[in-house]
Each structure stands twice: as structure tokens, then as C-alpha cells.
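The values are calculated or read from the model by the stated rules, or taken from the named source; none is laboratory data. Keep in mind that what you see is a predicted model, and the values were worked out from it rather than measured. Keep in mind that these areas ignore ligands, DNA and RNA; they rest on the heavy atoms of the full protein, side chains included. Shrake-Rupley method; radii C 1.70, N 1.55, O 1.52, S 1.80 Å.
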Amino acid sequence: MSTRRDSAETPAMSRVAIGRGDGLMRVLKTSESMARDLVRDIIASGRQSGDALPSEAAMLAEYGVSRESLREGLRLLEVQGLISIRRGPGGGPVVGMVDPANLGRTATLYYQMAGATYEELFEAWVFAECELAARAARHPLRDARLAAMAPFLDSDDCADDEQQAGVEDFVAQHSSFHATIASLARNRVLELTLQTMGQVVTHHVAVNEDPRVIRDLIATSHRRLAKAIVAGHGTLARTLMQQHIEDISNYHRDQSSVQMDEVIEWQ
Ligand SMILES: [Zn+2]
């Protein structure tokens, strides 16, 4: 039962405690060991996204596991989007993408179990994007900052195209700006993990509405952010990003069918 003090700290709701389990100590299943060996081999062989993996027969021989364990191991990686499996003749497993959206999806499983709310997600999203913007502006090479931000410096010029774009295209364009900022962070751990909050918001909230309603606001914010990053102003980039994400958050708060005090769902 929650006390009054608890409810002031975090919303009172049914949740499973955040704590230490035996996850790091338990013995791996054969399928998990096989999946780890396969990942190691993908990296060692230099395979890239879309490259085919060996046939099932070849992998059965290589890893010395049962067909059931092989398929379970492949399934573990498929769920994460790290491989995809084409069905039918000429099909087979291929290398997938390292997509922060999939990391975000896995995270929502934990958020749901822990009782984390959309309000907490939005708060974390502001934190994450501000950190990425500040790091991008502090990238030591101005040429790299300019090359990355160039497509976004004249976002007004794209307005006609954006007017024509569907919701999915618009969301993709918006995500690509934030992914480009993340790519300037010079830290792959931060690039991956700090993008997950925005990806979850996009997946859970943004696609249910039409963010094009605030396209002018977004275009102006992106242009100012791109200029601050090219100019190397970390503090300004952080401030502008905070305003930008809070503007979008406020829009979603007003419009969304999702209640901010609802628990994030794994989806
Ligand atoms: Zn944006």
C-alpha cells in the first residue's frame, strides 16, 4: 500500500519493485550462448545491414546446437531487429539494423513493469535531447557540424515539400534531425540510449496525432538549433532543445489520447 509520502515522490500505482535480480548471474541457455556466438561472428566477418548469414544447415554445423536452439537463438536477435529472417524460398537470416527504436521498445517492457508513466518519459526525453544537443555543439570539428546540420539550416525552403508530406514522412523527417544530432555526440552508448526516449514518444504518442499541425514551430526550432550547433554554442543548443522538446511535450499533453499519468505500455 502506498503512503502519502510515496505518492508525492512517484505516482501511486501497482508496480514491480526496481531492484537486483539474478539476471547477471544465471547460467545462459544454449540458444542465448549460440546467439552471442553469432553476434561475435557477424562483427568478426565484417557483415553489414542486409548481408546474408550462413544457411541454417551451415549454422547447425558451426554452432553444434539443436535446430530448436538455433531457431530460438535467431529469434532472440530477430526480436531486437538485429537480424531479420526472410521466409520462403531464397529466404534466410540477414543482418538487421542497430536501431535505437528497438532498444526503446525493450526499455518499455521495463518501464511498464516498474510502473513508469508517460510524464516520466517526457521528463527523461527533455534530459536526453538536451544532452545530445549540447554534445553535438561541442563536437570539435566545425566542418563535421556543418556537414551534418546543412540540410536543416534552411528548413523553411523545404516547407512546400513538408506541406505535401504524409504524417509518417513528417515523423521520419523529424526523427532524422534528432538522429543526426545524436550522431554528433561522439559516444555510441549515448547516441543509442539517449535516442530511446524520443523513439518511444514517437511510437506511442506522435503517430496517433498529426504533428504537422505544429510543423512551423518545429521547423523554426530545428533551424535555430542547427545554427547553434554549427556555431558551436553548447549552452544555447541545450536551451533551444529544452524549449523545443517542451513545446512538443505541451502539444502532446493538450492533444493526446494518452494520459500523462498512465503507465507506459510495452508495445
Ligand atoms: Zn525536433
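Per-structure values
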quantity	calculated
Per principal axis, descending, Cα span of region 1-97 in whole Å	60, 27, 26
Length-normalised contact order of the chain in % [C-alpha pairs under 8 Å, at least 6 apart]	25
Per-residue [θ]222 nm for the chain (sum of -39500 (n - 2.57) over DSSP H runs n ≥ 4, rounded to 500)	-20000 deg cm²/dmol
Within the accessible area of the chain (1.4 Å probe), percent carbon and sulfur	52
Contour minus Cα-Cα distance for Tyr110 and Leu60 (0.36 nm per residue)	14.7 nm
For region 101-255, projected area of the alpha-carbon convex hull averaged over all directions, nm²	8.5
Whole-number Å³ per residue for the convex hull built on Cα positions in region 26-156	212
Global size of the chain as Cα Rg and Dmax, reported in angstrom	21.4, 61
Residue-normalised accessible area of the chain, given per residue in Å² at a 1.4 Å probe	58
